[in-house]
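Peer 1: Sharing a structure with you now.
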Ligand code: ATP
Ligand code: MG
């Protein structure tokens with residue numbers, strides 16, 4: 001039996017629920033169905049936070065949902081969902097889902113025409129138990145504004161605790177992505193992971209390798225662009241999950257525990273968080289370039305030692321590292337290409353004489369590569385005077401630029417600059433156009 005929290009016993013305010021979500025809930029109710037908000041939105045509403053989106057569940061089957069709404073489309077194959085459209089805004093409406101729904105939709109066990117078992121749709125109770133964390137399995141009932149709790153989610157919510165429903169190890173084995181979700185929610189909500197739910201993670205982290213790379217990419221993007229990338233990174237490392245996602249980077253970090261690779265990564269994540277807090281755009285490719293830079297550098301160094309020319313060494317190293325990373329995380333081309341460009345442009349910054357600096361300046365990826373150089377210089381891996389040379393070079397007059405590339409000298413005293421012009425740099429990891 002569920003524990004029901006009446007309207008007066010919880011803090012959910014309808015003023016934080018989107019108008020469209022309310023419309024959907026009320027319309028379903030009017031048509032005689034049960035209708036609830038569920039998942040992340042209930043969890044966030046209980047914290048008084050504005051949810052990012054609203055998920056509705058009901059006992060109405062997809063065809064029945066469609067009959068209630070004109071502006072409705074059914075999507076999905078294995079499990080059909082309804083999308084109710086309000087202009088740009090879409091409210092997702094799902095039918096209660098049974099525990100094991102690996103059969104094609106609509107497949108039922110029939111006897112004398114009577115439904116014995118519906119493999120896809122279930123009861124609200126079944127729907128609750130198939131969810132991941134107890135705080136994600138709370139239902140806000142539109143018929144009386146109560147919260148329905150089958151799994152002790154309300155207690156966990158009050159204790160700011162993430163607890164997997166059921167046996168943690170089994171639930172992680174069923175879907176290893178839940179380990180990443182644990183970290184993402186813990187950081188985002190400021191919750192702790194219940195010790196029983198935390199304990200199996202290091203042992204099972206390697207199961208992430210069984211997840212399709214495209215799904216891992218989606219999850220990693222959510223982790224990195226959560227606005228809490230720094231903390232997320234620390235937690236992922238703590239649980240051995242970072243090493244499962246970025247094994248080569250983890251190996252480099254483990255080798256140099258306090259060195260600049262760690263500072264460099266932390267700084268790039270910090271910058272991302274800051275930009276997100278300021279509502280500025282961030283380019284995921286810049287982050288991936290930073291995350292994999294250390295292995296690229298290590299590999300390039302080895303290639304150079306064995307006689308490769310530096311520009312080629314970085315190009316080859318970049319290709320190698322990214323090819324290996326792609327087996328785990330499917331970076332789309334729109335990320336993989338600029339990542340490689342940012343890397344392969346790094347050795348070209350070293351050449352400050354002749355026509356080369358002008359060509360580099362004209363490269364479409366110059367901006368991002370330069371920002372990357374600044375980050376390297378800030379953390380002591382690249383020469384700060386070199387970075388400063390490039391900062392001056394960009395704002396210098398043509399005559400000054402010609403003087404700069406004649407000597408290529410990095411020390412600012414030698415190249416006389418006119419009155420310092422302050423041109424606003426576009427922020428570090430803004431997408432280079
Ligand atoms: P967010 O704020 O990031 O959207 P969310 O909790 O809404 O958080 P979603 O990925 O949108 O997360 O999923 C919606 C709900 O579906 C979850 O709250 C949870 O109940 C259920 N769910 C999602 N992914 C899983 C999973 N891998 N295993 C079990 N249940 C899941
Ligand atoms: Mg959600």
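The values are calculated or read from the model by the stated rules, or taken from the named source; none is laboratory data. This is a predicted model, so every value here is computed, not measured. Quick reminder, even Gly has a Cβ in these numbers, built from the backbone with ideal geometry, and neighbours come from all protein chains shown.
Peer 1: Would you check which residues across the range 300-337 are buried (at least 20 other Cβ atoms within 10 Å of the Cβ) and under 30 Å from residue 180 (Cα atoms) and list them?
Peer 2: 317, 318, 321, 322, 325, 329, 331, 335
Peer 1: Here's another thing I want to ask about it. In the range 68-96, what residues are within 15 Å of residue 121 (Cα to Cα) and not in a strand (DSSP E or B)?
Peer 2: 76, 77, 78, 79, 80, 96, listed by residue number.
Peer 1: Moving to a separate point now. If a residue has to be assigned to a helix (DSSP H, G or I) and either in contact (Cβ under 8 Å) with a residue 60 or more places away in the chain or farther than 20 Å from residue 275 by Cα (or both) to count, how many in the range 326-368 make the cut?
Peer 2: Residues flagged as assigned to a helix (DSSP H, G or I) and either in contact (Cβ under 8 Å) with a residue 60 or more places away in the chain or farther than 20 Å from residue 275 by Cα (or both) within the range 326-368 amount to 25.
Peer 1: Report, by residue number, each residue of the range 41-54 that is surrounded by fewer than 19 Cβ atoms within 10 Å (Cβ to Cβ) and in contact with a strand residue (DSSP E or B) (Cβ under 8 Å, 6 or more places away or on another chain).
Peer 2: The one that is surrounded by fewer than 19 Cβ atoms within 10 Å (Cβ to Cβ) and in contact with a strand residue (DSSP E or B) (Cβ under 8 Å, 6 or more places away or on another chain): 53.
Peer 1: Yes or no: the range 83-94 includes at least one residue that is within 12 Å of ligand 1 (Cβ to nearest atom), surrounded by fewer than 23 Cβ atoms within 10 Å (Cβ to Cβ) and within 24 Å of residue 171 (Cα to Cα).
Peer 2: yes
Peer 1: Could you check how many residues of the range 224-244 are touching a helix residue (DSSP H, G or I) at 6+ places or on another chain (Cβ under 8 Å), farther than 21 Å from residue 296 by Cβ and assigned to a helix (DSSP H, G or I)?
Peer 2: 5
Peer 1: Assess whether residue 45 counts as being within 14 Å of ligand 2 (Cβ to nearest atom), in contact with a helix residue (DSSP H, G or I) (Cβ under 6 Å, 6 or more places away or on another chain) and within 26 Å of residue 181 (Cβ to Cβ).
Peer 2: yes
Peer 1: Going by the structure shown, is residue 63 loosely packed, with under 14 Cβ neighbours inside 10 Å, assigned by TED's automatic domain parsing to the domain that holds residue 128, without any contact (Cβ under 8 Å) to a residue 12 or more places away in the chain and out of contact with any strand residue (DSSP E or B) (no Cβ under 7 Å at 6 or more places or on another chain)?
Peer 2: The answer is yes for residue 63.
Peer 1: Looking at residue 30, is it without any contact (Cβ under 8 Å) to a residue 24 or more places away in the chain and either within 16 Å of ligand 1 (Cβ to nearest atom) or surrounded by 19 or more Cβ atoms within 10 Å (Cβ to Cβ) (or both)?
Peer 2: Criteria not met by residue 30.
One line per residue, one yes/no per condition, for (1) surrounded by fewer than 20 Cβ atoms within 10 Å (Cβ to Cβ); (2) without any contact (Cβ under 8 Å) to a residue 24 or more places away in the chain; (3) not assigned by TED's automatic domain parsing to the domain that holds residue 28:
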site: 144; (1), (2), (3): yes, no, no
site: 148; (1), (2), (3): no, no, no
site: 167; (1), (2), (3): yes, yes, yes
site: 173; (1), (2), (3): yes, no, yes
site: 180; (1), (2), (3): no, no, yes
site: 185; (1), (2), (3): no, no, yes
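Peer 1: I would also like to ask the following. Would you pick out the residues in the range 245-284 that are without any contact (Cβ under 8 Å) to a residue 60 or more places away in the chain, part of a helix (DSSP H, G or I) and under 17 Å from the mean Cα position of the chain (by Cα)?
Peer 2: Selection gives 265, 266, 269, 270, 273, 274, 276, 277.
Peer 1: May I pose another question? Between 17, 57, which is closer than 25 Å to residue 226 by Cα and either within 16 Å of ligand 1 (Cβ to nearest atom) or in contact with a strand residue (DSSP E or B) (Cβ under 6 Å, 6 or more places away or on another chain) (or both)?
Peer 2: Selected residue: 17, the only one of 17, 57 that is closer than 25 Å to residue 226 by Cα and either within 16 Å of ligand 1 (Cβ to nearest atom) or in contact with a strand residue (DSSP E or B) (Cβ under 6 Å, 6 or more places away or on another chain) (or both).
Peer 1: Which of the following residues is within 16 Å of ligand 2 (Cβ to nearest atom) and surrounded by fewer than 16 Cβ atoms within 10 Å (Cβ to Cβ): 251, 215?
Peer 2: 215
Peer 1: I need a count of the residues in the range 148-170 that are touching a helix residue (DSSP H, G or I) at 6+ places or on another chain (Cβ under 6 Å) and in a helix (DSSP H, G or I).
Peer 2: 4
Peer 1: May I ask you to list the residues in the range 187-210 that are in contact with a helix residue (DSSP H, G or I) (Cβ under 6 Å, 6 or more places away or on another chain) and surrounded by 18 or more Cβ atoms within 10 Å (Cβ to Cβ)?
Peer 2: 187, 193, 197, 200, 201, 204, 205, 208
Peer 1: Here's something else I'd like to know. Which of the residues that make up the range 23-37 are in contact with a helix residue (DSSP H, G or I) (Cβ under 8 Å, 6 or more places away or on another chain) and within 16 Å of ligand 2 (Cβ to nearest atom)?
Peer 2: 36, 37, listed by residue number.
Peer 1: Residue under question is residue 184, and the condition is that it be touching a helix residue (DSSP H, G or I) at 6+ places or on another chain (Cβ under 8 Å) and under 21 Å from residue 242 (Cβ atoms); does it hold?
Peer 2: Answer is yes for this residue.
Peer 1: Also, quick follow-up: Could you please find all residues in the range 48-68 being away from ligand 2 (no atom under 13 Å from the Cβ) and out of contact with any helix residue (DSSP H, G or I) (no Cβ under 7 Å at 6 or more places or on another chain)?
Peer 2: Hits for the range 48-68 are 48, 59, 61, 62, 63, 64, 65, 66, 67.
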